[in-house]
Amino acid sequence: MPRVFKNQNYSKLRKQLQTSGALFEDPEFPATDKSLYTADGGPSSSQREIEWKRPKDISENPKLVTDGVSGNDLNQGDVGNCWFVAACATLAGVKPLWDKVVVNSKDQDWDGNNPGKYTGLFRFHFWRLGHWTEVVIDDRLPTSRGKLIYMHSKDPNEFWSPLLEKAYAKLAGSYQALDAGTTGDALVDFSGGVTEPLKLSDHSDSLDKRDNLFTLMEKEINRNSMMSCSISAADASEMEAKLDSGLLKGHAYGITAVKIVKISEGIFSSKKFHLVRIRNPWGQTEWNGAWSDGSDEWKNVSEKERKKLGIVFEDDGEFWMSYDDWIKHFTNFTICRIVNTSVLSVRKTWHDVTFYGEWAGARAGGCINNKETFLKNPQYVFDLHHGEDGAVMIDLMQEDRRSTRSATPPGDGTSNSNLSIGYQLFKVEENRRHRVKTLPKAAGNVTFTNSRSVFGKFELSEGRYVCVPSTFQPGITGNYMLRVFTEHASHAKELVMDQLKKPGWNCCVSSFTSIVSVTVNSVNGLPNQNLVSEGADPYCVVKVEGQTCNTPVVKDTLTARFDSSFVFFTKRPDQRPVKVEVWDKNVLKDKHLGEIELTLPKAGEGRQYTEKLRAKGDATKETQGTLSVTLEWFTDTTSR
């Protein structure tokens, strides 16, 4: 069940209105200037006079939808929310998602055969910080001279888009709060997906990268992913400045199709053209280069092919470009993926874990530049242990502060805009169950930004990882949601324990005197264990004071790189050796290939050992192969 916004229950309100015969007037988002402007951003002296009207007072035959849902029908109004209009146009092209946002549209629509059913009450669903939220509104819309002043459809009888915009403005706090935003944020609110922003310059410097990106776009649009693009503006003066190409700087465009068109060049030959269809939410002002409306390139495309592509040459804001021109002229590209987590699907399935947290007090340590406080931030651990390296997607999202934003900054020096957020990834010991105290090996990061969400996709080797989300500056309070997507179950959880407690010991942590860190680097020159092909499936077993940990298995090799680390809290490490055994993984019974025993270096020092393997229980007898291990020993049990 969705959450209810402002404690307004749609079913109860509708029942009350149908009983009374009254039309809904929303006390939480009234038909006044309060709903139009932010707290201190009232109308300017030049602002036109606004009258709030219901659809029945604007149109003789109002409907939510006329002649099907289409993004081509939408036009931007007076507020600078091309980003939102572009997202709505993209949403209209994915009917299952549109149905999820515009809930039970037929039931909400005007019914000419039963006019008493209509109550002037509408509801929409938006996904916010991990939860679907139901927002109800009345149907009173701001107009000037009898016409809608904000988003509207080409068909004067169609009202789903202005009503959806009103619900989103209510969620944001006002219509003016929608002035400036990102298409990616709106697409997430429509879907619960994750957005991946890409710089097109990173994909245009080689033919392979260009081809891979086009293939990705084809795949994602077939999976109902939603995409948008824009051209960076250097400053506010360049926003929506028109270029000679007809494109606009700092303006959000929706991508509605990605196609390959074949043009015959003779009986036995043809040429392929990669095309992208784009929509300007203004409903006008289009690209004027190759493949634009009515350009010569289309003369070589058959009537059948043009009909298949739905080519209509009108000044409707939708146009085609060659993929090469698109990647040349646009700078920013965003994919909003509907991440598949259903185990019943034939598509690739992701395993996801969601965490909710807060940066506050001692848990607001700032970014990694703040060395004294960074590791006081919340920490989350996850595993990649399935015999192969894997992809990981991590999305960090903060609360939307749009509803609390005013037209001018507060006078107390604080900010009411989004926080600058990001995260660091570290590879840690395979058995780590307590919080990290010193910086481990870096495994990845994202650029800190004041975007509502920060996304990263990483290719990581097997092992255990810790993600540390934070604000850029320390001491900043804020709520967040962290989502971790992996190809296999990651057993992700928050690290809350400051120090390791070994299961089965009936003594307190204070009895530990030292920390031993063991890193199994590699093994070389193992004996062949396979009958058909040369190789083995080696793994290592590390034993320290009765504690045992295993490295992952590396398949079909006689030389294995592990880079697996472990941490042990110990009592008397100087009197008991560290043993590392090498085993070959088998279906019935694993085979011991050799082992080494090591004494620790001096406390506080690290040392790498490369030793010949010895027979089990006989240190005088060598077996085939050498093992590389790094040991560290620390007497301060709170330091790691």
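Every number here is computed from the coordinates shown, using simple stated rules; none is lab data. Just so we're clear, the structure is a prediction, and the values are computed from it rather than from any experiment. Here the Cβ is made from the backbone with ideal geometry for all residues, glycine too, and neighbour counts use every protein chain on show.
E28 to K371: extension gain in nm, 0.36 nm per residue of separation minus the Cα-Cα distance?
Taking E28 through K371 to full extension adds about 118.9 nm, to one decimal.
Average the reciprocal distances over every distinct pair of alpha-carbons in segment 534-640, invert the result, and give the Kirkwood radius in Å.
Over segment 534-640, the inverse of the mean reciprocal pair distance is 14.8 Å.
At a threshold of 8 angstrom on Cα-Cα distance, excluding pairs fewer than six apart, so keeping six or more, what relative contact order does segment 197-337 reach in percent? Intermediate results must be reported in sequence, preceding the final value.
Details: 232 pairs, mean separation 44.9, N = 141.
About 32 percent, as a whole number.
Send over the semi-axes of segment 3-191's equivalent ellipsoid, whole angstrom and largest first, taken as the square roots of 5 times the C-alpha gyration tensor eigenvalues. Write out the running numbers ahead of the final one.
Details: eigenvalues 98, 80, 65 Å².
One finds semi-axes of 22, 20, 18 Å for segment 3-191.
What's the ranking of 368-378, 478-488 by average number of surrounding C-beta atoms within 10 Å, highest first?
On the way: 368-378: 16.7, 478-488: 19.3.
In decreasing order of mean packing, 368-378, 478-488 become 478-488, 368-378.
Rounded to two decimal places and with Rh computed the Kirkwood way over Cα pairs, what is Rg over Rh for segment 163-250?
1.03
Rounded to the nearest 0.05, what FRET efficiency is calculated for T610 and K571 with R0 set to 41 Å and r the Cβ-Cβ distance?
Numbers: r = 28 Å, r/R0 = 0.69.
Working from the Cβ atoms, E equals 0.90.
Rounded to the nearest 20 debye, what is the charge dipole size of the chain about its Cα centre when +1 sits on each Lys and Arg Cβ and -1 on each Asp and Glu Cβ?
Rounded to the nearest 20 debye, it is 1820 debye.
Taking the Cα atoms of segment 110-194 alone, what are Rg (to one decimal) and Dmax (as a whole number) in Å?
14.3, 42
Exposure proxy check: V518, V381 ranked by fewest other beta carbons within 10 Å?
Sorted ascending by nearby Cβ count, the order is V381, V518.
Note down the nm distance, to one decimal, between modelled labels 7 Å out along Cα→Cβ at A241 and at V353.
Label-label distance for A241 and V353, simple model: 4.8 nm.
Just order 78-90, 531-543 by mean Cβ neighbour count inside 10 Å, highest at the front, would you?
Numbers: 78-90: 26.1, 531-543: 17.3.
Answer by packing, highest mean first, reads 78-90, 531-543.
In debye, nearest 20: dipole of segment 169-276 around its Cα centre with unit charges on the Cβ of K, R (+) and D, E (-)?
Numbers: 12 positive and 15 negative charges, 101 e Å.
The dipole of segment 169-276 has a size of about 480 debye.
Can you sort D208, D179 from fewest to most other Cβ atoms within 10 Å of each residue's own Cβ? Show your work: numbers first, answer last.
On the way: D208 9, D179 17.
Ascending Cβ contact count within 10 Å gives the list D208, D179.
In whole percent, what relative contact order does segment 3-191 give with Cα contacts below 8 Å and a gap of six or more residues?
This gives 35 percent for segment 3-191.
Give me the percent relative contact order of segment 509-634, please, defined on Cα pairs under 8 angstrom at least 6 residues apart. Walk me through the numbers on the way to the answer.
On the way: 319 pairs, mean separation 37.8, N = 126.
With pairs under 8 Å counted, the relative contact order is 30 percent.
Hey, can you rank 596-606, 254-264 by average C-beta count inside 10 Å, highest first?
254-264, 596-606
Can you give the FRET efficiency to the nearest 0.05 for A234 and K328, using r as the Cβ-Cβ distance and R₀ = 22 Å?
Values: r = 18 Å, r/R0 = 0.83.
Approximately 0.75, to the nearest 0.05.
Can you put Y10, Y423 in order, fewest other beta carbons within 10 Å first?
Y10, Y423
What is the Cα convex hull volume of the chain when expressed per residue in Å³? Walk me through the numbers before you get to the answer.
Values: hull volume 144.8 nm³, N = 640.
With only Cα atoms used, the chain gives 226 Å³ per residue.
Measure off 7 Å from each Cα along the Cα-to-Cβ vector at K307 and T638, then give the distance between these two points in nanometres to one decimal.
8.0
Grab the Cα-Cα distance for N524 and D563, subtract it from 0.36 nm times how many residues apart they are, and report the gain in nm with one decimal. Walk me through the numbers before you get to the answer.
Details: separation 39, 0.36 × 39 = 14.04 nm, distance 1.34 nm.
12.7 nm is the gain from fully extending N524 to D563.
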